[in-house]
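To keep things clear, I will list the structure first and then write my remarks on it.
None of the figures in this text is laboratory data; all of them are computed from the coordinates on show. The structure displayed is predicted, hence computed values, not measured ones. Backbone-built Cβ (ideal geometry, glycine too); neighbour counts: all protein chains shown.
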Amino acid sequence: STNKSTIGAECVTASDRNQHQSWTDDLPLCQMCGVGTAPNCVYGPDGKGTQSHPNEDGHLRFRGDDGCFLYGVFNGYDGSRVANFASQCLTAELLLGQLNSGHTDNDVRRILTQAFDVVEKSYFETIDDALAEKANLSNYLLPHNESQKVMERLKELEQEVSGGATVAVALILNNKLYIANVGTNRVLLCKSSSDGQNQVLQIGRPHSTDNEDELQRLAALGLDSARIRQAGQIAGQSSTRRLGDYRVKFNYNEIDLLSAAKSKPVVAEPEIHGGQSLEGVTGFLLLMSEGLINALESAHGPEQANQEIVAMVAAELAQQTSLEAVAQSVVDRVKRLHHDVFVSGRQRATYCSRHEDMTLLIRTLNYPLADAALTPTQGGRVCPVSVPYLNSQSTSKTSVTLSLVMPSQSTLTNGTNTASTLEEGTPTPGSQSPTATLQSTNTQTQSSSSSSGDGSLFRQRGSQAAQPDETGRVPPYVDFSQFYRLWGSDHGDGQSMQGGLGPQ
């Protein structure tokens, strides 16, 4: 393990000289995975956004040997050095033969814990010389003509050694899922049942200043947990566990909030969950950086953030043909939501003046993409959709059903449903199609949204597909003649628009 971590550390150091190359570039990527990203943004009074610093997030998604898969999302701060180092070193510690199908759950948990320990120690070894030089220069009183150079050098050294990262890692081995988390990123597992219901499970809680278990851990070290909760941050970050960040690891006695600690209060030890069997599971796994979660919660509140992000993913999976497009579309949508709330001036706009880097990693579990679905004309297709909703009265939702029910062609005659493809117990709306329905278990709420109309624009179609005429055209499914007449009368010409806008 030491030799392999040394290899990883050497490769990481080399990659610092050329950030566009990494030893991990040659590893096989997992093809059942997609990643979406967006850079940080600060909005001006006119609603236009500007990026305030280079992107600091990172991710990994590799396929190893022996049915092993490794995924991770890294939320860096004060630079991307720690996130970059951790993503490469963790890969070296976990995918170079350390794991195999013969390992038990306890073995895997032990190896994961050791990997994080090696990453933390190896990182500080890479900045050891810079820390020593910084400490040495800080202790000297120099003449004024030399002090300017010293101050500039100290500033350079501070940039070199500062920063940290929070990490969420998912490992799949022997068709079992293991999650290792340090900090404030989030992991969701969505399981879809045969009746179309999605059960959403958040794996673990963020290590933050409002986590009761973390506050008890800090209190046991002699710290004032109530004061930490009230402060909401430790040295500028809400996380109580993180990789790197020498200030809270070595100089914590100089930080007022941490000065009473008997031992190192902010740690890099991961909280590990699993193995959870994925046998027979259909659904998807989501790894989200803190920036993505915070942006969505700032815009819509924290009550339904998990259900809302799952609804967005399910909607995009029903439409997109690539996982990369799915993940990017969801990130872009959260970014738009956040921006729209800011420019609206509504109550939550004050929380949305800026957002941090956002990363979403999606790993499907036997979940089909859009190209594997039936087309609506083949009838009865049920596909997930997103329905905007908020419920401030309940925070206990654990599952959500989102479906768009498309009636088969035989059930729609001139806009009237003669038969229903909706689930038993769901009202069949006359002359309304399609119907989007949102159902949530463990709550008393159910909401639905339907498109409405009298259906008079729809022409009846026979059981056979329409045949092209002599010009090679198919008769239109929708009759626009009334629209063309109204358009013509509004524009005062009183003529039939057949020769203009209407069908030729």
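Summary table below
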item	result
Distance in nm between pseudo-label sites at R348 and L29 (7 Å out along the Cβ direction from Cα)	3.2
Gain on full stretching of the segment that runs from R336 to L201 - 0.36 nm per residue minus C-alpha separation	46.0 nm
Computed label-point distance, nm, for sites S52 and S138 using a 7 Å Cα→Cβ extension	2.5
Order by protection proxy (mean Cβ within 10 Å, highest first), peptides 295-301, 75-81, 260-266	75-81, 295-301, 260-266
Calculated FRET value between S193 and F124, using beta carbons and R₀ = 51 Å, to 0.05	0.65
Residues whose placed amide H lies under 5 Å from that of I234, excluding near-sequence neighbours	S239
Violating pairs (Cα-Cα greater than 32 angstrom) within the set K191/K335; K48/K264; K121/K176; K149/K249; K149/K262	K48/K264; K149/K262
Span from the the range 37-69 Cα centroid across to the the range 192-224 one, whole angstrom	23
